[in-house]
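Asker: Encoded as structure tokens, here's the structure I'll be asking about.
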């Protein structure tokens, strides 16, 4: 059975946030090339994901974005916000713990490389490997070992995304997330806005939590020279310029979650090769104003640091590390 994908395309030269959300059973780059033929504006793949059933995934994506529909498969929404909404809906529906998706700068860099290659050489997403058993290990030839190891390696973003899904699955068995202020659309756009700040302005690899069912909506990870920083942000979004203050119950939930993430990180197989390195975990709150229905954009009203935890930090650098964490949670 061949691979199936959903994708988000934009058009070079367009001044509006008009995107196309569709499905394909060929590689999305090839699909974009085909759609660009004879058109004044070339199609750019903003994001794509391999899914078990692209027809269901496309329907889920279109339903999630229905308030932004422009015409047919076209939607008027910022690509980053659209991707955040689609990923939460599709990943949650299929209960995916590992997804083959590419977005942002990495995707555009890959597209430039592929543009110089013939279509036949365009790579597809890596297949999911089953863990080798003792019996199968004896059958692996020496020349296959390096391939096996390289395919098990994950970059920071992929590793974080899988870790967040694992944490989410464990937490939601016994806990609940924090309630939102307004509609899901308004909230999703606020979360995508904070994710964009962490990624673009602060250089974090950042992901959203599935369906916001934990006290934290956005996760980020970054190597800061001598320690890893895992930042977590609860996002409160409204259509008014108001500031939401967490009550004592919510503060307890978010600080407990920060400790929970620390313990999970230190015991996770995903970070087994990292957990001997210094790491800081910080949690904070962001108040966001969504300017709907006048404009589909968000602005930061106020952000605050709540608490932090650490492991193996050098004592002589703790004060400086706290300064860096405070700067991050300003979110400017």
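Derivation of every value follows stated rules applied to the coordinates shown; laboratory data play no part. Keep in mind that this is a model prediction, so the values were computed, not measured. Using ideal geometry, Cβ is built from the backbone for each residue, glycine included, and neighbour counts are taken over all protein chains shown.
Asker: Between residue 327 and residue 37, how high is the FRET efficiency from 1/(1 + (r/R0)^6) when r is the Cβ-Cβ distance and R₀ = 56 Å? Nearest 0.05.
Answerer: With a Förster radius of 56 Å, E is 0.70.
Asker: Please compute the volume of the convex hull spanned by the alpha-carbon atoms of the stretch 156-330 and report it per residue in Å³.
Answerer: Details: hull volume 18.9 nm³, N = 175.
Cα convex hull per residue, to the nearest whole number: 108 Å³.
Asker: Taking 25 Å as R0, compute the FRET efficiency from the Cβ-Cβ separation of residue 243 and residue 312 and round it to 0.05. If you can, show how the numbers build up before the last one.
Answerer: Numbers: r = 36 Å, r/R0 = 1.43.
With a Förster radius of 25 Å, E is 0.10.
Asker: Starting from the Cα of residue 291, step 7 Å along the direction of its Cβ; do the same at residue 76; then give the gap between the two resulting points in nm.
Answerer: 1.5
Asker: Computed FRET efficiency, Cβ-Cβ of residue 320 and residue 172, R0 51 Å: what is it to the nearest 0.05?
Answerer: With R0 = 51 Å, the Cβ-Cβ based efficiency is 0.90.
Asker: What is the fewest-to-most order of 157, 251, 285 by other Cβ atoms lying within 10 Å of their Cβ?
Answerer: Details: 157 20, 251 16, 285 23.
Ascending Cβ contact count within 10 Å gives the list 251, 157, 285.
Asker: How high is the relative contact order of the stretch 156-330, in percent, with contacts defined as C-alpha pairs under 8 Å that are six or more residues apart?
Answerer: 21
Asker: In what sequence do 259, 31 fall when counting other Cβ within 10 Å, fewest first?
Answerer: In order of increasing Cβ crowding within 10 Å: 259, 31.
Asker: May I pose another question? Using every alpha carbon pair in the stretch 263-308, what percent of pairs falls into each 10 Å bin from 0 up to the bin containing the largest distance?
Answerer: Once binned at 10 Å, the Cα pair distances of the stretch 263-308 give 22, 27, 22, 22, 8.
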